[in-house]
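Some notes on the structure that comes next.
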Amino acid sequence: MAVPDKSRSRFFLIALLVTALIIVTLDLRGSVPGQTFRGVTKSVLAPIQSFFRFFYDPVSNFVSDAANLGRTSQKIEELEAKNAQLEERLSRFNVLSREVKQLKEVLDLAGAGRYKSVPARVISAGSAAGFSRTVELDIGARDGVSTDMTVIAGAGLVGRVISVSADTCIALLLDDETFKAGIRMEGSGILGVVTGTGNDELSLTLFDSASTLKVGDRLVARGSSESRPFVPGVPVGTVVAVDQNSGTLTKTALVKPFVRLNSLEVVAVVTGKVRVNPRDALLPPAPRPTPTPTVTVYITPSPEPSPTKSKKVNQ
Amino acid sequence: MRKTLFFLPIAIIALALQNAVISRISFPFADPSIFLIVVLAWAFLEDPEFAALQGFIAGLLLDFNPLSVGFIGHWAFVLAAVCYGTSEMGVQLRSSRQSPVTLTVTVTGALLLTLILFAVTSWVISAEQGLSFSRTAPGVLFWSALVTPLLSPLIIRLARFAQGAPGARGIGALNG
């Protein structure tokens, strides 16, 4: 049995310790490229560590999932509730921003026409009984609303108030079959009457059969005495079809209203008298006609017929 | 040379295991240091000369570990000294060298000595790595006392296999 030489071992140990101290000293002075050596070690260890992780990660994930099972389902429930809350808030925000836009439009119109008005939200649409086209608004007598007042939206005429309670009122829409309003044609000032048809379009009757009426003509409310039921100058609609039958005392046409009556959310009721008739000033800018492109083709006449051809003709 | 070639991959695997698995498990008190347990247990079973060398190599490996931030050569110094001392103790306890109880007690004691020496030398060279010694040492020692008996049969078998070459000293020589 070989007995280790103690003095040799101690000398070897001292040599190793001195070497280690020299390395430490060099590193303290910044002479050892530590990052390079650590990079080499990292590249040596990386594949072995990946091997261990290959076995460890699935086990770790399983244990973690099992340990957090209750907490995870609770967390999912919390997140679902929060998500539903956020979706509801987003939906409410979208409705509000749409209403704000409509409110701005209707206030702009009322401001331009100098109408004293009270904004209102549409609570419900349609009548409780029958087939009349009505909407219920969230303002009533307490807000200064009374029957036969004009109801407007951002784009123009909506209808008139037909009944009022303390906090709500009912407005008859202009597409109802019983609705009638006096109108004035833009520019010419010819008078007529629009009547609801129960459909998307209104029926227009002009009292002057000799007047010219064409598609695209626009009309505004004529206005009533004491501004009730209609204030003057409110845009009504555009002519979309003209009845060309002659031989009658009147002229009729179909009119598409400016206001989309099926998607009303915010309107205003004009509660005061109008002192200045805005005439056509509230109409939106007229659409500009699209220019038709013209194509010019130049044809150059061919030269005189060739002699060969002439010969053949002669023969 | 054969023993060195055999020890180096074992140390590298132990270090990779430490980095990839042990350090990612949240143990109570502190993480057990599988790497130090393997190195110190191996040193206990070796002759002092080789134990010092393998402590130096293992220390350099720890210094070059990408997760280390201390001075290079610090761990090499500490482990060379402690492994030498551990091996000297193994020579003294020749008769019970292969007993798991002896191995566990010695390795745990050597681990405590390693941590103390590391803390002291850190203080000397103004490094900050040893400052958490008082916080981590009890946990490390607890886990060492728990893990070493589990690892000792494997370490003893590997060390015996590494010393199987003719002329090898250490366990084989001492037992022979």
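The values are calculated or read from the model by the stated rules, or taken from the named source; none is laboratory data. Quick caveat: nothing in here was measured; it's all calculated off a predicted structure. Don't worry about glycine lacking a Cβ; one is built from the backbone with ideal geometry, like all the others, and counts go over all protein chains shown. Protein only, heavy atoms only, side chains kept; ligands, DNA and RNA dropped before computing areas. Shrake-Rupley method; radii C 1.70, N 1.55, O 1.52, S 1.80 Å.
Using the Cα centre of the protein assembly as shown as the reference point, and only Cβ charges (+1 on K/R, -1 on D/E), how large is the resulting charge dipole? Debye, rounded to the nearest 20.
Value, rounded to 20: 1160 debye.
Which residue fluctuates most in the GNM of chain A (Cα springs below 10 Å): A:291, A:58, A:119?
A:291
Two decimals, Cα atoms only, Kirkwood Rh: what is Rg/Rh over segment A:1-108?
1.50
Counting only heavy atoms of the protein chains, get the accessible area per residue of chain B (1.4 Å probe) and round it to a whole Å² value.
It amounts to 42 Å² per residue over chain B.
Using the Cα centre of segment A:104-270 as the reference point, and only Cβ charges (+1 on K/R, -1 on D/E), how large is the resulting charge dipole? Debye, rounded to the nearest 20.
For this selection, approximately 340 debye.
Whenever you get a sec, line up A:158, A:100 from highest to lowest accessible area (probe 1.4 Å, protein heavy atoms).
A:100, A:158
Springs between alpha-carbon pairs under 10 angstrom, Gaussian network model over chain A: which of A:95, A:231, A:266 fluctuates most?
With Cα springs under 10 Å in chain A, the top fluctuation among A:95, A:231, A:266 is at A:95.
How many square angstrom of accessible surface are buried between A and B, both sides summed, with a 1.4 Å probe and rounding to 100?
Answer for the A-B pair: about 3200 Å² buried.
What does the net charge come to around residue A:275 if you take all other residues with beta carbon closer than 12 Å to its beta carbon, with K and R at +1 and D and E at -1?
Local charge sum for residue A:275: +2.
For a Förster distance of 30 Å, can you work out the FRET efficiency between the beta-carbons of residue A:116 and residue A:95, rounded to the nearest 0.05?
Plugging the Cβ-Cβ distance into 1/(1 + (r/R0)^6) gives 0.65.
If I model a spin label as a point 7 Å beyond the Cα along the Cα-Cβ vector, how far apart are those points for residue A:197 and residue B:67 in nm?
8.2
Could you tell me how many degrees, from 0 to 90 and to the nearest 10, lie between the Cα long axis of helix A:69-112 and the main elongation axis, the longest principal axis, of the Cα atoms of chain A?
30
List residues of segment A:251-276, by number, whose backbone nitrogen lies under 16 Å from a label position 7 Å along Cα→C-beta of residue A:165.
Backbone N within reach: none found.
Round to the nearest 0.05 the FRET efficiency obtained for residue A:63 and residue A:125 when R0 = 60 Å and r is the Cβ-Cβ distance.
The pair residue A:63/residue A:125 has a calculated efficiency of 0.50.
Where in chain A lies the longest segment free of chymotrypsin sites (Phe, Trp or Tyr not before Pro) that are both loop residues by DSSP (not H, G, I, E, B) and have at most 14 other Cβ atoms within 10 Å?
Counting at most 14 other Cβ atoms within 10 Å as exposed, the longest clean stretch of chain A is A:1-130.
So what is the calculated 222 nm ellipticity per residue for the protein assembly as shown, using -39500 (n - 2.57) for each DSSP H run with n of 4 or more, over all residues, to the nearest 500 deg cm²/dmol?
That comes out to -16500 deg cm²/dmol.
If I stretch the segment between residue A:226 and residue A:11 completely, what's the gain in nm (0.36 nm per residue apart, minus their alpha carbon distance), one decimal?
Contour length minus the Cα-Cα distance gives 65.3 nm.
What relative contact order, as a whole-number percentage, does segment A:84-207 give when Cα pairs under 8 Å and 6 or more residues apart are counted?
After rounding, I find 16 percent.
Build a GNM of chain A with springs between Cα atoms under 10 Å: which of A:99, A:78, A:186 gets the top mean-square fluctuation?
A:78
Suppose each label sits 7 Å from its Cα in the direction of the beta carbon; what would the residue B:135-residue A:50 distance come out to in nanometres?
3.4
Extension gain residue A:43-residue A:87, at 0.36 nm per residue separation less the Cα-Cα distance, in nm?
Residue separation times 0.36 nm, minus the Cα-Cα distance, leaves 10.9 nm.
Relative to the longest principal Cα axis of chain B, at what angle does helix B:48-63 sit, 0 to 90 degrees, rounded to 10?
It is inclined by approximately 30 degrees.
Across the residues of B:85-96, average count of Cβ atoms on other protein chains within 10 Å?
Shielding by partners across B:85-96 averages 1.
Which angle from 0 to 90°, rounded to the nearest 10, does the C-alpha axis of helix A:6-28 make with the longest principal axis of chain A?
30
Per q in 0.05, 0.07, 0.11 1/Å, what log10 I(q)/I(0) does a Debye calculation on the alpha-carbon atoms of the protein assembly as shown return?
Debye output, listed in q order: -0.56, -0.59, -0.94.
Hey, got the average number of other protein chain Cβ atoms within 10 angstrom for residues in B:6-16?
The mean count of partner-chain Cβ atoms within 10 Å per residue comes to 2.
Which residue, chosen from A:283, A:194, B:118, occupies the Cα position most advanced towards the positive end of the dipole of the protein assembly as shown, where the dipole is computed from +1 (Lys, Arg) and -1 (Asp, Glu) charges on Cβ about the Cα centre?
B:118
Would you check the accessible area of residue A:254, probe 1.4 Å, heavy atoms only, in square angstrom rounded to 10?
70
Across peptide B:65-77, what mean number of C-beta atoms from other chains lies inside 10 Å of a residue's C-beta?
Rounded to a whole number, the mean comes out at 6.
5 Å is the cut-off here: which amide hydrogens, built 1.01 Å from N in the peptide plane, fall below it relative to residue A:134, excluding neighbours closer than 5 in sequence?
Counting only residues 5 or more places away or on other chains, the set is A:126, A:127, A:173.
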